[in-house]
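Engineer: Before we start, here is the structure in question, set down as structure tokens.
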Amino acid sequence: MIKLPLSEQVFLVGKDFAPIIISVTAVLHPERLHGFITLGAPFILPGLAGFQRDVYPKGFYIPRWQEPGRAEADFGRFDVKTVIRNIYIMFCWSELQIARDDQEIMDLVPPSTPLPPWFSEQDLSVYADLYEKSGFRTALQVPYRSMNNNIDVENPTVMVPALLIMGEKDYVLKFPGMEDYIRSGIVKKFVPNLEIIFVPEGNHFIQEQLPQEVNQRILSFLSTQIIQQI
């Protein structure tokens with residue numbers, strides 16, 4: 001592996017499904033990284049054991065949204081602001097979002113459900129304005145409709161320093177096999193220099209819910225690693 005000078009390397013930080021992109025980058029271009037940080041999901045490659053898509057429960061939002069046209073029809077019953085509101089509320093839950101056969105995913109959130117206390121109506125309006133312009137096509141394609149893509153790497157081990165910040169109340173821990181993948185140390189077979197931090201009250205939007213704590217942990221990790229690598 002070619003070792004680039006420090007000035008040509010970066011730290012990557014990603015949330016939610018961005019860890020998939022970071023993981024692929026770390027495997028294919030490790031020479032470009034000082035290290036990486038993920039929030040709400042660990043190092044995970046498409047097709048990697050521990051992310052068992054084939055055993056998702058029936059009615060779970062991911063396989064529903066992977067169906068061409070289904071999410072579009074579901075979302076299309078509401079204005080964009082309501083769709084974003086429902087998604088933020090649902091993804092704060094500590095349980096999986098599972099609909100009955102006679103429901104769509106948007107039906108899981110009663111209209112009277114309040115926003116999380118740390119997510120204001122102004123925040124919602126900003127997000128809604130952005131999606132009014134962009135639509136949901138890319139958000140559905142990446143990651144949901146590209147999750148079955150595989151990456152053929154013989155030894156997907158990444159030796160750079162890494163940090164995972166995970167809320168104890170993050171519903172992602174309820175993905176089949178995910179909690180064991182993280183807590184048992186299986187993930188460290190792929191990322192040996194991984195530090196894992198669990199935040200007791202953290203949910204899936206931990207960076208917005210607890211920004212000061214998350215920022216402090218990120219800055220502490222970065223400063224430590226930069227000092228060590230100089």
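Engineer: Kindly list the number of the only condition in (1) in the same structural domain as Ser23 (by TED's automatic domain parsing); (2) out of contact with any helix residue (DSSP H, G or I) (no Cβ under 9 Å at 6 or more places or on another chain) that fails for Gln122.
Structural biologist: Result: Gln122 fails condition (1) only.
Engineer: Tell me, please, whether a residue that is on the phi > 0 side of the Ramachandran plot and not assigned by TED's automatic domain parsing to the domain that holds Phe75 can be found in segment 144-158.
Structural biologist: Pass one, segment 144-158, residues on the phi > 0 side of the Ramachandran plot: none.
No, segment 144-158 contains no residue that is on the phi > 0 side of the Ramachandran plot and not assigned by TED's automatic domain parsing to the domain that holds Phe75.
Engineer: Select, from Leu164, Leu210, Leu194, the only residue that is at pLDDT 95 or above, over 22 Å from Trp93 (Cα atoms) and aliphatic (A, V, I, L, M).
Structural biologist: The conditions single out Leu194.
Engineer: Still on this structure: Just name the residue that is surrounded by the fewest Cβ atoms within 10 Å (Cβ to Cβ) out of those in segment 139-198 that are touching a residue at least 40 places away in the same chain (Cβ under 8 Å) and among the acidic types (Asp, Glu).
Structural biologist: Checking each candidate, the answer is Asp180.
Engineer: In addition: Any idea which of (1) surrounded by 20 or more Cβ atoms within 10 Å (Cβ to Cβ); (2) of a type outside the set (Lys, Arg); (3) more than 15 Å from the chain's Cα centre (by Cα) is the one Ile206 doesn't satisfy?
Structural biologist: The failed condition is (3).
Engineer: Which ranges mark the helices (runs of 4 or more DSSP H) fully within segment 108-224 that have 2 or more residues being farther than 30 Å from Gly69 by Cα?
Structural biologist: The qualifying helices (runs of 4 or more DSSP H) are 178-183, 187-190, 206-209.
The values are calculated or read from the model by the stated rules, or taken from the named source; none is laboratory data. Keep in mind the model is a prediction, meaning the values are calculated, not measured. As a convention, Cβ positions derive from the backbone with ideal geometry for all residues, glycine included, and neighbour counts pool all protein chains shown.
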